[in-house]
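Working notes, structure below.
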Amino acid sequence: MKTKNCDAIILAAGKSKRFSKSTLKQYIKIDKKNIIDISIEKLKKISNIRHIYVMLQKSKTLKFNCSKNIFPLVGGKTRTESVFNGLTHIDNINNHPNYVLIHDAARPCVELLDIKKLFSNIKNMDGIALGYPLTNALKKVDSKLKVTDNIAKDNYYLSFTPQLYKFAELLNAYNVVFNKNIEVEDEIEAMTRSMFNVHILSSSPKNIKLTYDTDIKTIAKLLK
């Protein structure tokens, strides 16, 4: 993909329920930059991306420092609603893109090379996402953490973001799940529910997600 026919949506409206600090995780600062800004700076380096839309809690949009081609939008109560809000906003703009890239602000360690690989491999696919093969033994547990099942890890992948999709197809898939009031974990789930063709691109395992406060030190080291 040589032309700028892709927009990006950064998801940063979450309430950080599993994050124990008082500050929302997307506003945690690492080397004097908050997580959102680190993700924005990385996507700004990708020449294929035309506009970046940052999904925020309503109270945060007025405080967001806009710059060229970067726009704050109000996210939703759930990840599904935030993505849907972003897609419908883009759809209402003339000359909307052929492609859209979705990224979690909480994944600041994504490598530029991996993002570029998404664009190099999207041809003939409805969507492609970064991921990494499951290498640890996988166990199912009950509410008391008692192991109830052993699951073979063959052909299982952890899915990461960014994820890159044909815009019309992803909008179609999200119209389906949103209108049926279905919550999806990510865009892969939305797309595969509508029988679209999505592939995983094996990427760096460093692309971890800030979920718990214990992840901060690890992410800070990876970003150096």
Inspect all residues belonging to the range 22-32 and state whether any of them is in a loop (DSSP other than H, G, I, E, B) and at pLDDT 90 or above.
no
Pull up the range 35-75, narrow it to residues that are surrounded by 17 or more Cβ atoms within 10 Å (Cβ to Cβ) and in a loop (DSSP other than H, G, I, E, B), then point me to the one that is nearest to the chain's Cα centre (by Cα).
GLY75
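Okay, residues lined up against (1) without any contact (Cβ under 8 Å) to a residue 60 or more places away in the chain; (2) closer than 21 Å to GLU189 by Cα; (3) in contact with a Phe, Trp or Tyr (Cβ under 7 Å, 6 or more places away or on another chain); (4) among the hydrophobic types (A, V, I, L, M, F, W, C):
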| site | (1), (2), (3), (4) |
| --- | --- |
| ILE93 | yes, no, no, yes |
| PRO97 | no, no, yes, no |
| ALA105 | no, yes, no, yes |
| ASN124 | yes, yes, no, no |
| PRO133 | no, yes, yes, no |
| ALA137 | yes, no, no, yes |
| LYS140 | yes, yes, no, no |
| LYS146 | yes, no, no, no |
Per-region count, the range 1-21, residues closer than 23 Å to ILE90 by Cβ and modelled with pLDDT under 95:
8
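Conditions (1) buried (at least 22 other Cβ atoms within 10 Å of the Cβ); (2) in a loop (DSSP other than H, G, I, E, B), marked per residue:
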site	(1), (2)
VAL110	yes, yes
LYS116	no, no
TYR132	no, no
ASP149	no, no
PHE160	yes, no
ASN181	no, yes
ILE200	no, no
Name the single residue, out of those in the range 207-224 being in a helix (DSSP H, G or I) and not polar (S, T, N, Q), that is surrounded by the most Cβ atoms within 10 Å (Cβ to Cβ).
ILE219
Just checking, does the range 184-196 include any residue being among the β-branched types (Val, Ile, Thr), part of a loop (DSSP other than H, G, I, E, B) and closer than 24 Å to LEU43 by Cβ?
yes
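So that you can scan it fast, the table gives a plain yes or no per residue for (1) modelled with pLDDT of 95 or more; (2) hydrophobic (A, V, I, L, M, F, W, C); (3) surrounded by 15 or more Cβ atoms within 10 Å (Cβ to Cβ); (4) in contact with a Gly (Cβ under 6 Å, 6 or more places away or on another chain):
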{"site": "ALA152", "(1), (2), (3), (4)": "no, yes, no, no"}
{"site": "LEU170", "(1), (2), (3), (4)": "yes, yes, yes, no"}
{"site": "GLU187", "(1), (2), (3), (4)": "yes, no, yes, no"}
{"site": "PRO205", "(1), (2), (3), (4)": "no, no, no, no"}
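The values are calculated or read from the model by the stated rules, or taken from the named source; none is laboratory data. Quick caveat, the model's predicted, so the values are computed rather than measured. Heads up, the Cβs are rebuilt from the backbone with ideal geometry, glycines too, and the neighbour counts pull from every protein chain shown.
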